[in-house]
Amino acid sequence: DAKQEVRFVLDEAMRTEIRESQLISVRRRLDLLVSADVPDIEAAVIGSIVEDLVQPNTFVDEERTFQARQEARDAVQPVYKTLEQDEVIVRDGERITAEQIETLQALGLQQPETRWRKVASTTIWLTILVMLLGYYMVRYHTNILKSNQKLAVLSILLLMYVAGIRIALPGPTLSVYVYTLPVVALTITVAALLNSQLALMVTLVASLLEAYVAGGSLEVLAYVLLSGFIVGLAINTRVQLNTLLWAGLFTILSNTTVIIIFRFFENDAELVSLFSKLGAGLLNGVLSAGLPLLAFFVVGSLTDIVTYFQLLELSRPTQPLLTELLRRAPGTYHHSLLVSNLAEQAAERIEADAFLCRVGAYYHDVGKIMRPYFFTENSPPGGASLHTSLDPKTSAEIIIDHVTDGLKLAKKYRLPSVIQAFISQHHGTEVVGYFYHKAVQAAAGDETRVDRAKFRYPGPKPQTKETAILMLADASEATVRSAQPQSPEEIDNIVKRTISDRMKSGQFNECGLTMRDLEQIRLAFIDVLQGVSHPRIKYPGQDETKEETGPLPPLPLGVQRADVSAETQTQDKPVSGGALQANDAARR
């Protein structure tokens, strides 16, 4: 019956050796001990009953085990080492082994540990390094100190590197792991996200800190400092994929050179150590090239700091906002492409961020998507202006709103603030002159009856060289397209007048542009605009009053390339200086 089967199964199970660690496996095999002729339901019940009854039957005898260990320990014969008089135990600068420490302890020569002195010296050294870095930033990088995001990113990067040092050097012995710490990754990340000059200072501070933790090792200092400076001197804020590849290769070469220089003359017993250090140096180069990519992704996702890879993504024509601009305001889209070429060339001349200028130019007029046909470059040729039925104040509000509408779209599509700055600052605080003068005329010429502030762009004025360049590129391209100059001299006069007008209105007071910068920008604009607006020969039978003006047909006149109504279009004839001034006033 079932009772006898339970006894049988329990007896069979307990006959074998069962230790505490084997109890679970024995219980799992109980169903195999049940007789085959027992029904499955009864077998399951029997197994459940026996499972609770099975217990360990073999235990460790702790006392006898301890005795056996002690006997084995006592059987080991002691090893003695004899020291002769004046024999050197350890040399100055030599790494101390465990045997040498035991020898010093036996002779009573080991100095007592004074941890508080180590803590105090470390605190003082860290304070000096932090003060050095802080003074440098106060002197040369106050903009980073004023940005909570940038300051937080720098602090987190430094703390992560300090934590890496602590993990690689947990004790006084210099381990091979210290050679894997990628200071170059820190250098590249700081250069790309913050500033390339600051990256060099951060590398210096990091190398001094790591060398101190490594016991003042000159090898570690040279190892870290050389690779960091080689890459740091050759890198800028626009870190590309090939830049990371070359940085990794330079790091490997630098690390290998330093290791060989410091380890080449060691004896054969250190060959294993040499190869392990070379392997660590190789891993260091791989980490140096790969970790910045992870840092760019994390920082770009969590902060408003823009990276080259984000700008590269924003510059793609398939971006949703650019696609929408091309679909709804094609004239504005092509105007933005021309302005981007102008801005990029000018930025390269004065060593500003050329790629940022190009991407910013793509988006500076996206606000015109909201009301595209109120801007002449998007209106059908010869069509009636939508502004003819509006009063000047309403027309000015529509024109000015393309800035605020652009900022709303930028936030909707999550454009970084550095791109939004191009939208808000490309007109600065200028006045929409054409509609302002119409309002004055409607008020019988009395300017006191017209609120000038209602016709002024909200601003702010350009805060960086890049946004100031875009302002000039936008205005110069619009004026040249509308005036259709017939010679390089006329183009030069237009660009000069554009620069002069913005200077007189104080638009460059906050961006840091110098007179030399403005001259280089003028020359760059002339070079590009000549290729767009150069005259061509007239063919037989061509109307004497019309000339071809370039590879692309001229677009209708507008305020900054489209900010007035179609009624302000110029005739197809050369424009005199006075007429050009009137047209330029109309565009404002």
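The values are calculated or read from the model by the stated rules, or taken from the named source; none is laboratory data. Not measured: the values here are computed from a predicted model. All Cβ positions, glycine included, derive from the backbone under ideal geometry; neighbour counts span all protein chains shown. What goes into the accessible areas is simple: the full protein's heavy atoms, side chains included, and nothing from ligands, DNA or RNA. Shrake-Rupley method; radii C 1.70, N 1.55, O 1.52, S 1.80 Å.
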Cβ pairs under 6 Å, 6+ apart, first in region 137-162 and under 19 Å from LEU186 (Cβ atoms), second of a type in the set (D, E, K, R) and surrounded by 15 or more Cβ atoms within 10 Å (Cβ to Cβ): ILE144/LYS150
Flag for PHE374 being buried (at least 21 other Cβ atoms within 10 Å of the Cβ) and over 16 Å from MET471 (Cβ atoms): yes
When residues of region 181-203 are limited to those that are over 15 Å from the mean Cα position of the chain (by Cα) and open to solvent by 30 Å² or more (accessible area, probe 1.4 Å), the one farthest from ALA280 (Cα to Cα): GLN197
Pair list, Cβ under 8 Å, 6 or more apart: region 23-47 residue without any contact (Cβ under 8 Å) to a residue 60 or more places away in the chain and closer than 15 Å to ASP11 by Cα, other residue assigned to a helix (DSSP H, G or I) and open to solvent by 30 Å² or more (accessible area, probe 1.4 Å): ARG27/GLU51; LEU30/GLU51; ASP31/ALA44; LEU33/PHE8; LEU33/GLU12; SER35/PHE8; ILE46/ALA2; GLY47/ASP31
Options ALA473, ALA468; residue that is in contact with a Pro (Cβ under 7 Å, 6 or more places away or on another chain), open to solvent by less than 10 Å² (accessible area, probe 1.4 Å), within 19 Å of GLN420 (Cα to Cα) and at pLDDT 90 or above: ALA468
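Of all residues in region 218-244, which are small (Gly, Ala, Ser) and modelled with pLDDT of 85 or more?
If the condition is that a residue be small (Gly, Ala, Ser) and modelled with pLDDT of 85 or more, then ALA222, SER227, GLY228, GLY232 are the ones that fit.
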Any chance GLY512 is open to solvent by less than 30 Å² (accessible area, probe 1.4 Å) and either more than 22 Å from PHE375 (Cα to Cα) or at pLDDT below 95 (or both): no
Residue satisfying condition, being at pLDDT 50 or above, over 24 Å from THR388 (Cβ atoms) and surrounded by 22 or more Cβ atoms within 10 Å (Cβ to Cβ), within set ILE537, ILE521, ILE526: ILE521
Flag if SER288 is among the polar types (S, T, N, Q), open to solvent by 10 Å² or more (accessible area, probe 1.4 Å) and in contact (Cβ under 8 Å) with a residue 60 or more places away in the chain: no
Where a residue in region 412-435 is without any contact (Cβ under 8 Å) to a residue 24 or more places away in the chain and its partner, wherever it lies, is of a type in the set (Ser, Thr, Tyr), with Cβ under 9 Å and at least six apart: GLN420/TYR363
Considering residues of region 355-371 that are open to solvent by 10 Å² or more (accessible area, probe 1.4 Å) and not in a loop (DSSP other than H, G, I, E, B) only, the residue nearest to SER336 (Cα to Cα): TYR362
Conditions (1) farther than 24 Å from GLN319 by Cα; (2) touching a residue at least 12 places away in the same chain (Cβ under 8 Å): number failed by CYS357: (1)
Any hit, region 404-419, residues being farther than 18 Å from HIS437 by Cα and of a type in the set (Asp, Glu): yes
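Looking at region 229-245, which of its residues are assigned to a loop (DSSP other than H, G, I, E, B), polar (S, T, N, Q) and under 12 Å from SER196 (Cβ atoms)?
ASN236, THR237 - these are the residues of region 229-245 that are assigned to a loop (DSSP other than H, G, I, E, B), polar (S, T, N, Q) and under 12 Å from SER196 (Cβ atoms).
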Residue under evaluation ALA185, criteria (1) touching an Asp or Glu at 6+ places or on another chain (Cβ under 8 Å); (2) in contact (Cβ under 8 Å) with a residue 60 or more places away in the chain, criterion not met: (1)
Of the criteria (1) of a type in the set (Gly, Ala, Ser); (2) part of a helix (DSSP H, G or I); (3) open to solvent by 20 Å² or more (accessible area, probe 1.4 Å), which one GLY445 fails: (2)
